[in-house]
1. Name, by its number, the condition in (1) under 21 Å from the mean Cα position of the chain (by Cα); (2) exposed (fewer than 11 other Cβ atoms within 10 Å of the Cβ) that does not hold for B:Lys4.
2. Return yes or no: is B:Val54 closer than 28 Å to B:Ser230 by Cβ, among the β-branched types (Val, Ile, Thr), more than 14 Å from chain A (Cβ to nearest Cβ) and more than 22 Å from the chain's Cα centre (by Cα)?
3. For the stretch A:289-301, which positions are surrounded by 17 or more Cβ atoms within 10 Å (Cβ to Cβ) and closer than 25 Å to A:His245 by Cα?
4. With buried (at least 20 other Cβ atoms within 10 Å of the Cβ) and not β-branched (Val, Ile, Thr) as the only criterion, which of A:Ser278, A:Ser212, A:Ser273 stands out?
5. Just to be sure, is B:Ile124 among the β-branched types (Val, Ile, Thr) and free of Cβ contacts under 8 Å to residues at least 60 places away in the same chain?
6. For B:Glu57, which of the numbered conditions (1) open to solvent by less than 50 Å² (accessible area, probe 1.4 Å); (2) touching a Gly at 6+ places or on another chain (Cβ under 7 Å); (3) touching a residue at least 24 places away in the same chain (Cβ under 8 Å) fails to hold?
7. Could you look through the stretch A:235-251, keep only residues that are part of a strand (DSSP E or B) and in contact with a helix residue (DSSP H, G or I) (Cβ under 6 Å, 6 or more places away or on another chain), and pick out the one that is surrounded by the most Cβ atoms within 10 Å (Cβ to Cβ)?
Amino acid sequence: MISVRGLKKYYRVHQRPPGLKAALGALFHRPHVTVKAVDGISFDIRPGERVGFLGPNGAGKTTTLKVLSGLLHPSGGEVSVDGHLPRRREDAFLKKIMLVMGQKQQLLWDLPPAETFELNRAIYDVPREQYRRTLEELTSLLGLGELVQKPTRQLSLGERMRCELAAALIHKPKVLFLDEPTIGLDVSMQAAMRDFIKRYNEQHGATLILTSHYMDDVAALCPRVIVIDKGVLSYDGALDELVRHVRPEKRVVFRFAREVPQIALAELGKVVSVDSVSAVLQVRTEAVNSTVTRALSTLPVLDLTVENPPLEEVMSELFSRSRAAAEAAS
Amino acid sequence: MSLKGTVRAMPTLLRVGFSEAVAYRAEMLIWVLSTTMPFVMLALWSSVAHEQPVLAESGRRFGEAEFTAYFLTTFVVRQLASSWAAWEMNYEVRTGALSMRLLRPLHPLVAYGAENIAALPMRIAVCLPVVALSLWAVGTSAVPRGGLRWLAFLAALLGAWLITFLANVCIGCLSLFMQSSVKVMEVWLAAYFVFSGYLIPIELFPGWLRQAVDFLPWRYQIGLPVELLSSMQEPAGALPLLGVQWAYVLGLGLLAQLLWRKGLSRFAAYGG
């Protein structure tokens, strides 16, 4: 479905220090630097796959999505989406894709979302009967109800994002690029959006590429992740495998019948947190069985669970490692 | 989008565009007020012609009635041949909002054009009282007769709108190269005010300037349609001018295509 080979996107950026002197100087001479937003990444995505793009701010995730959706012309490499060259922006290609950006909107600001839906129906040339059915489905799944009749400017962020998603799906795209779709939403709205996106993928077999800083989004939606850092691909594979690779440890969460001295916990593993009757220990995966057995025999354990470390921590560690490696290389 | 598809989508584009134009009532009213310069010029020139008519080099005499007909027609033509695509494009390029247009299978330039045309009913509504005032002031005898004149006027009016829109698009496209081209638009507007016949009927220009103005695009944005409707030009005599006008339409159309294609490869899709 999607094939990317040696994709590069470089920007020429004007640099100017602050101050009046620099401002005047910039009238005569403007130094530029070349920023390598994406520097030779390659990957393939199969039809119907859900893939998460991960990386710190400025890593090149959004730039990659913009190249894939035809907004940006690549500086080098080859990109193909369902047999189309995105930069040509052919109608057949644009009718197959949609890019939803959490920080950009296509809804007409002063008109109700229903007007944008109708506009998209006309632009995407969706037959009226199909449009009616799709809109009914979207209205029901996203709980739009009367929202579509209120001017967009009067909608809350969560309401607006639901309408944005509906507007993006009127033409039933085969490939959906989602750039921070849950940004700024409250926890329950994030969960609702995730459920909807997953259902859309399963029902329509749409290919889905997601960038998000909310690891819950990635964990819930993307069995496969592609990690990009400083424009370079640093991991492509299963999310579970990435977690095991970066943090080959498990968290054991205990609840005790009475207070346990910290020294007793430290004998079992690394103490991540502890309070009066609960504690979290970090132990190597292969030592989980023995640690649990020892804890059950020596401590007043009421309850315990074994978990993966939080994804946020895993990512933070991955990015700090890659920063350290880059600094060492320079 | 194919031509057929665009034509099919056009009624919806225009209807939604009209809804947007109506949504911005206060802004629209302020914009209309900002285009009342012809009324100011009408007052100025009428007072000049009050004592005796102003004599053009061509021998035409401009009395109060001629100035009234000319400047009220100028107001109407300005309303009907307007575009603001350059400002929209500048804003959308700088903020990255152009991205959302580029994702749709409809050429963004068609979308800008449809939005501008969609505001016409509102503008026509603004023009109606002015037309009524014109008829009251100069009498119904001043209404041009003859299908050929009206045909020539409509061709000139369409040409005027296309030149205005395409010039806006060309200047808007420059923002893809130079971050902001609003100042270029201001320079264009300065020349437009002077050379279009908006402030002074072109016939009152000195002969050498009048001849030069015939080769500049601004004259075709206002002067030509106004002169045809106010019977200062005969349809047959205006044919060479119509030819130049439509040559500008063609030239600006080609230039807009070129600038759009070249500029788009530089689009940085800021934001998001």
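The values are calculated or read from the model by the stated rules, or taken from the named source; none is laboratory data. None of these values were measured; they are calculated from a predicted model. Note that each Cβ is placed from the backbone with ideal geometry, even for glycine, and that neighbours are counted across all protein chains shown. Note: areas computed on protein heavy atoms with side chains; ligands, DNA, RNA excluded. Shrake-Rupley method; radii C 1.70, N 1.55, O 1.52, S 1.80 Å.
1. With (1) under 21 Å from the mean Cα position of the chain (by Cα); (2) exposed (fewer than 11 other Cβ atoms within 10 Å of the Cβ) applied to B:Lys4, the lone miss is (1).
2. On the way: closer than 28 Å to B:Ser230 by Cβ: yes; among the β-branched types (Val, Ile, Thr): yes; more than 14 Å from chain A (Cβ to nearest Cβ): yes; more than 22 Å from the chain's Cα centre (by Cα): yes.
Judged against the criteria, B:Val54 is a match.
3. Answer for the stretch A:289-301, where residues must be surrounded by 17 or more Cβ atoms within 10 Å (Cβ to Cβ) and closer than 25 Å to A:His245 by Cα: A:Thr291, A:Val292.
4. Values: A:Ser278 fails: buried (at least 20 other Cβ atoms within 10 Å of the Cβ); A:Ser273 fails: buried (at least 20 other Cβ atoms within 10 Å of the Cβ).
On inspection, the qualifying residue turns out to be A:Ser212.
5. The answer is yes for B:Ile124.
6. (1)
7. Here is the first cut: in the stretch A:235-251, the residues part of a strand (DSSP E or B) are A:235-238, A:249-251.
Next, from what is left, pick out any that are in contact with a helix residue (DSSP H, G or I) (Cβ under 6 Å, 6 or more places away or on another chain): A:235, A:250.
Details: A:Tyr235: 19, A:Lys250: 21.
That would be A:Lys250.
Residues are listed down the side, and each one gets a yes or a no for (1) within 14 Å of chain B (Cβ to nearest Cβ); (2) over 18 Å from A:Asn201 (Cα atoms); (3) at pLDDT below 90; (4) out of contact with any His (no Cβ under 6 Å at 6 or more places or on another chain):
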| site | (1), (2), (3), (4) |
| --- | --- |
| A:Thr116 | yes, yes, no, yes |
| A:Leu119 | yes, yes, no, yes |
| A:Tyr124 | yes, yes, no, no |
| A:Arg132 | no, yes, no, yes |
| A:Ser140 | no, no, yes, yes |
| A:Gln149 | yes, yes, no, yes |
| A:Thr152 | yes, yes, no, yes |
| A:Leu169 | yes, no, no, yes |
